[in-house]
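The values are calculated or read from the model by the stated rules, or taken from the named source; none is laboratory data. The shown structure was predicted, so the numbers you read here are calculated from the model rather than taken from an experiment. When we count neighbours, we look across all protein chains shown, and the Cβ atoms used for this are built from the backbone with ideal geometry, even at glycine. Just so you know, the surface numbers come from the protein's heavy atoms only, side chains and all, with ligands and any DNA or RNA stripped out. Shrake-Rupley method; radii C 1.70, N 1.55, O 1.52, S 1.80 Å.
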Amino acid sequence: MRKRIVIGCLFAVSLLVVMPNISAVNDNLCAESFKSENLEQINNAEQKHLLDASIWGLLGIYIQMMYHFRMTRVNLWYLIAQIPGLTGTLLDLVELRAYLLQTRATVSQDVLNAILDVLEDLIPLKN
């Protein structure tokens, strides 16, 4: 069941990346009826890039959210390790579990940020 959820999430994210016009963020910017003087007067290429790259910002926020969610689990395991009756092998196992979860959170954040950077270079969002 977990594999299906992960595959479904990856499929949804890939759809958002490949077809950015279906996202709600870009619908506002691409709508023909939406005419704003501020958007028409933007001449700076960097500001236009920031408007075009809004989906990358959302994916970056999602990666940070997942990192903090995993770090919450790590802190929970460290709290369990502070129970007064835990000693010996059981304490070592709980601390090992917390360390492994912390390493997994950090590595997955780094890998996902690197993948997001590569995708941003490969698929530039332009209107």
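For this structure, a couple of remarks:
- Helices (runs of 4 or more DSSP H) contained entirely in the range 14-127, each with at least 3 residues that are open to solvent by 50 Å² or more (accessible area, probe 1.4 Å) and at pLDDT below 60: 24-30, 37-40, 45-52
One line per residue, one yes/no per condition, for (1) over 17 Å from residue 64 (Cβ atoms); (2) touching a residue at least 60 places away in the same chain (Cβ under 8 Å):
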{"site": "76", "(1), (2)": "yes, no"}
{"site": "82", "(1), (2)": "yes, no"}
{"site": "86", "(1), (2)": "yes, no"}
{"site": "93", "(1), (2)": "yes, no"}
{"site": "97", "(1), (2)": "yes, no"}
{"site": "103", "(1), (2)": "yes, no"}
{"site": "108", "(1), (2)": "no, no"}
{"site": "123", "(1), (2)": "yes, yes"}
